[in-house]
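Trainee: Before I ask anything, let me first share the structure, which is written out below as structure tokens.
The values are calculated or read from the model by the stated rules, or taken from the named source; none is laboratory data. In this text, all values refer to a predicted model and were calculated from it rather than measured experimentally. Here Cβ is always computed from backbone atoms with ideal geometry, including for glycine, and neighbour counts include all displayed protein chains.
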Ligand SMILES: Cc1cc2nc3c(=O)[nH]c(=O)nc-3n(C[C@H](O)[C@H](O)[C@H](O)COP(=O)(O)OP(=O)(O)OC[C@H]3O[C@@H](n4cnc5c(N)ncnc54)[C@H](O)[C@@H]3O)c2cc1C
């Protein structure tokens, strides 16, 4: 009995030491887009101490949404953004700023521009930055040695027990033979787009999802001469199936769904041509275009070199990449199979939150298991 007491006391003492001496921090979160923000919030909700969390990003401006897409119409009703904030206890400890108050006053069933959620998330970011160790910088390397992550940030090195990549994505492009390209981030902002187009332009728009449809809507309103849309798949809509939604993440929703269904498919403007994207059609129709916009999705931002490699694989149902190493957000989404057997990556704030609420507690449990594992010899004695 006495031996048991001493062993348990020693175990508790060792467990209370959050990390070995040479480790600078327990958790390092890389990226301050929506996924990084919610990871910090949920780790705090789950009782990880703020002194044990380091947060790294070069800008802390709500990632790509904050930098480029504030004016883009959201594809979600505003009540889902309110719920996103309400789902995290720590977010609700942030003092109510004008933007957070405004979010609660929008019509819950309507969609608004993304700034309605970007501005509250910027205020929450500023609040969280005061609580955890937030540092500006780009992480260039991650090396796992002897159970510790060695993290290269600029010229500096730091160490951490656990690392989360929330490093996001950027627009994917191809190299079709049109030199004059309008970047997607510009095309999605109508006031910027207007500065890049003339009414004599014939513009190739590649893609048929949310961004491509929105850009065609903008271009038709700007009355360019011709819009030639090269699509690989027909328009796909989010569809209510009663107790589940088909194409919930990838299907068209909100204003783009309405415009695609009622205008593009039923009564398209005369200056829009839709062409199946085959080599033969490209050879025929691309030479008629003087500008091109690629709206064909997103690919991962360049990752820090992980043990010397730029490639990592992850488990798309838990976010686990490697030992004490996790990924979340648009670069590492959950892959979901619906009741009809179709799979899709779940991208969007409510999906990230729901998924994170499921997996982050597992990451932490695994942390505890790791600690127990470290002291397994002690347990063996105890079990004996
Ligand atoms: C046009 C558009 C419209 C969308 N509309 C909606 C919508 O209406 N509703 C919705 O829910 N979702 C929407 N989404 C989808 C989704 O919510 C976003 O893509 C989401 O912002 C992704 O967040 P993230 O944190 O994963 O990545 P990001 O926002 O890309 O953030 C990644 C962050 O990591 C940083 N970073 C990257 N590498 C490093 C490094 N090595 N070191 C340090 N920092 C690094 C970056 O600087 C950035 O700040 C939309 C997406 C797009 C593109």
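Trainee: Can you tell me which residues in region 323-339 are part of a loop (DSSP other than H, G, I, E, B) and either within 11 Å of the ligand (Cβ to nearest atom) or on the phi > 0 side of the Ramachandran plot (or both)? If you could, list the steps in order and put the result at the bottom.
Mentor: Of region 323-339, the ones part of a loop (DSSP other than H, G, I, E, B) are 323-324, 328-333, 338-339.
If the condition is that a residue be part of a loop (DSSP other than H, G, I, E, B) and either within 11 Å of the ligand (Cβ to nearest atom) or on the phi > 0 side of the Ramachandran plot (or both), then 324, 328, 329, 330, 331, 332, 333 are the ones that fit.
Trainee: Continuing with this model, one more query. Regarding residue 131, is this residue under 21 Å from residue 256 (Cβ atoms) and modelled with pLDDT of 95 or more?
Mentor: The answer is no for residue 131.
Trainee: Can you tell me which of (1) touching a strand residue (DSSP E or B) at 6+ places or on another chain (Cβ under 9 Å); (2) free of Cβ contacts under 8 Å to residues at least 60 places away in the same chain is the one residue 267 doesn't meet?
Mentor: (1)
Trainee: Given (1) in contact with a strand residue (DSSP E or B) (Cβ under 8 Å, 6 or more places away or on another chain); (2) crowded, with 19+ Cβ neighbours inside 10 Å, identify the lone condition not met by residue 183.
Mentor: (2)
Trainee: Now for a different question. Collect the residues in region 95-147 that are in contact with a strand residue (DSSP E or B) (Cβ under 8 Å, 6 or more places away or on another chain), crowded, with 18+ Cβ neighbours inside 10 Å and either assigned to a loop (DSSP other than H, G, I, E, B) or free of Cβ contacts under 8 Å to residues at least 60 places away in the same chain (or both), keeping them in residue-number order.
Mentor: Selection gives 111, 112, 114, 132.
Trainee: Can you name the condition, by its number, that residue 358 falls short on among (1) more than 23 Å from residue 42 (Cβ to Cβ); (2) surrounded by fewer than 14 Cβ atoms within 10 Å (Cβ to Cβ); (3) modelled with pLDDT of 95 or more?
Mentor: The single condition residue 358 does not satisfy is (1).
Trainee: Could you tell me how many of the residues in region 148-162 are touching a residue at least 12 places away in the same chain (Cβ under 8 Å) and more than 11 Å from the ligand (Cβ to nearest atom)?
Mentor: Looking only at region 148-162, we keep the residues that are touching a residue at least 12 places away in the same chain (Cβ under 8 Å), and these are 148-149, 151-154, 156, 158-162.
From the residues that got through so far, the ones that are more than 11 Å from the ligand (Cβ to nearest atom) too are 148-149, 156, 158-162.
So the count comes out to 8.
Trainee: Of all strands (runs of 3 or more DSSP E) completely enclosed by region 260-322, which ones contain at least 2 residues that are more than 16 Å from the ligand (Cβ to nearest atom) and farther than 30 Å from residue 361 by Cβ?
Mentor: 272-276, 291-294
Trainee: Now, a different point. Among the residues of region 247-259, what is the count of those that are under 21 Å from the mean Cα position of the chain (by Cα) and either closer than 16 Å to residue 72 by Cα or away from the ligand (no atom under 15 Å from the Cβ) (or both)?
Mentor: Counting residues in region 247-259 that are under 21 Å from the mean Cα position of the chain (by Cα) and either closer than 16 Å to residue 72 by Cα or away from the ligand (no atom under 15 Å from the Cβ) (or both) gives 4.
Trainee: Moving on to the next point. Give the residue that is farthest from the ligand (Cβ to nearest atom), with candidates limited to residues of region 163-190 that are under 16 Å from the mean Cα position of the chain (by Cα) and assigned to a loop (DSSP other than H, G, I, E, B).
Mentor: Residue satisfying both the conditions and the ranking: 172.
Trainee: Of the residues that sit in region 340-355 and are part of a loop (DSSP other than H, G, I, E, B) and either away from the ligand (no atom under 16 Å from the Cβ) or modelled with pLDDT under 95 (or both), which one is surrounded by the most Cβ atoms within 10 Å (Cβ to Cβ)?
Mentor: Step one: of region 340-355, the residues part of a loop (DSSP other than H, G, I, E, B) are 340-342, 347-348.
Retained after the next criterion (residues that are either away from the ligand (no atom under 16 Å from the Cβ) or modelled with pLDDT under 95 (or both)): 340-342.
Values: 340: 8, 341: 6, 342: 11.
Filtering region 340-355 for residues that are part of a loop (DSSP other than H, G, I, E, B) and either away from the ligand (no atom under 16 Å from the Cβ) or modelled with pLDDT under 95 (or both), the one surrounded by the most Cβ atoms within 10 Å (Cβ to Cβ) comes out as 342.
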